[in-house]
1. Run lengths n ≥ 4 of DSSP H only: what is the helix-derived mean residue ellipticity at 222 nm for the chain, with -39500 (n - 2.57) per run over all residues, to the nearest 500?
2. Among ALA144, ALA274, ILE210, whose Cα sits farthest toward the positive end of the charge dipole of the chain (+1 at Cβ of Lys/Arg, -1 at Cβ of Asp/Glu, about the Cα centre)?
3. Which of the lysines could a cross-linker bridge to LYS258, judged by Cα under 26 Å and excluding same-chain residues fewer than eight apart?
4. How large is the translational diffusion coefficient of the stretch 128-223 in µm² per second when you combine the Kirkwood radius over alpha carbon pairs with Stokes-Einstein at 10 °C and 1.306 mPa s?
5. How large is the charge dipole for the stretch 248-312, taken about the Cα centre, if only the Cβ atoms of Lys, Arg (+1) and Asp, Glu (-1) carry charge, to the nearest 20 debye?
6. Between HIS145 and LYS319, what is the spin-label point distance in nm, taking each point 7 Å from the Cα along the Cα→C-beta axis?
7. Using only Cα atoms, what Kirkwood radius does the stretch 186-241 have, in angstroms?
8. In percent, how large is the relative contact order of the chain, given Cα pairs closer than 8 Å and 6 or more residues apart?
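FYI, it's all coordinate maths here, none of it is from the lab. Note that the coordinates shown come from a computational prediction; the quantities given were computed from them, not determined experimentally. Glycine also receives a Cβ, built like all others from the backbone with ideal geometry; neighbour counts cover every protein chain displayed.
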Amino acid sequence: MARLFALLVVPLIAALQYGGSAAAQDWPTRPITMIVAFPAGGSDDILGRIVASRLSEILGQQVIVENTSGGGGTTGTGRVARAAPDGHQFVLGTSATHALSQVLRHNPVYNAATDFAPVGLIAEQPFVLIARKDLPDSLPAFIAHAKANAATMQYGSAGEGSATHLVCAMLDTAIGVNAKHVPYNGGAPALQDLVAGKIDYFCPVVTIAIPQIQNNGVNAVAILSKSRTPVLPNLASASEQGLTNFSASTWFALFLPKGTPAPIVQRLHAALSATLETPAVQTKLKEIGADIVSADRRSPDYLQTFLRGEIDKWAGAIKAANIKVE
């Protein structure tokens, strides 16, 4: 009986394994969907479309960007966690979708560390503090104004639990202010209301702020990373302006659903690496203030380890800022 089992089952297992490997080698067999878990026009969307365009050329199949917003980025990301692991759907992950989502809620809708196959880290971007035009444009003067008008100050965000919410909330803690939070459905509408003077300040990723800063639609107060960014070389960092204990940046990476065959993960990883080595892509990412990570930080294994560290880092920051966990 054991010999009969071996004769019947072992070839079947081998055939299934070979079939899976062959299918992986043929990938992609149709257009691929990149889920961006935030609305069109935001920093995630802009970066995602730059990357998707070059990936399409390298892979020989169109990479379609689909904006699936909601839940602070968890709606679209959760969709990919539940998707078929065939390589035809992946998500542009960020600190919001894969780190903040894990520490802001007692019961996250997915486990960022185990429900995805990491592909590779792409880039990092600093956050920036911008204010409406009639507010001070230096950090010390902004802090003085915020403290003097604490009862009426309001800041906008891309949504409850979004990275822009957390960064502004932690900034408030660092400067000793408790302003009202006004959540929006994405960073673009929050920026629009800031330009219109309906809110007082906003802490977006630098990408979406650059046009309004250059057009004098808002006041740029401080880059919130430790050092200045090349796209806004004249804007001093928060650290330079005296807030030495505060720093905030975000990151972007690609994730496939858990269980995606290793050959597909590796092929997408190789395509991503080639994308990031493309001079035109490097130029476009530099223009939006995205710092491409070095080659030694792009592997799937590095991203997995990096992600766990980011979850721990944000958990500590949220606790220190006394932000409520749902």
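1. After summing the helix terms and dividing by the residues of the chain, the value is -13500 deg cm²/dmol.
2. Working it through, the farthest residue towards the positive pole turns out to be ALA274.
3. Straight-distance partners of LYS258: LYS313.
4. Numbers: Rh = 12.8 Å.
Translational diffusion coefficient: 124 µm²/s.
5. Details: 7 positive and 7 negative charges, 42 e Å.
Here the size comes out at about 200 debye.
6. Modelled inter-label distance: 3.6 nm.
7. Across the stretch 186-241, the inverse of the average 1/r is 11.7 Å.
8. Values: 644 pairs, mean separation 83.8, N = 326.
RCO, the chain: 26 percent.
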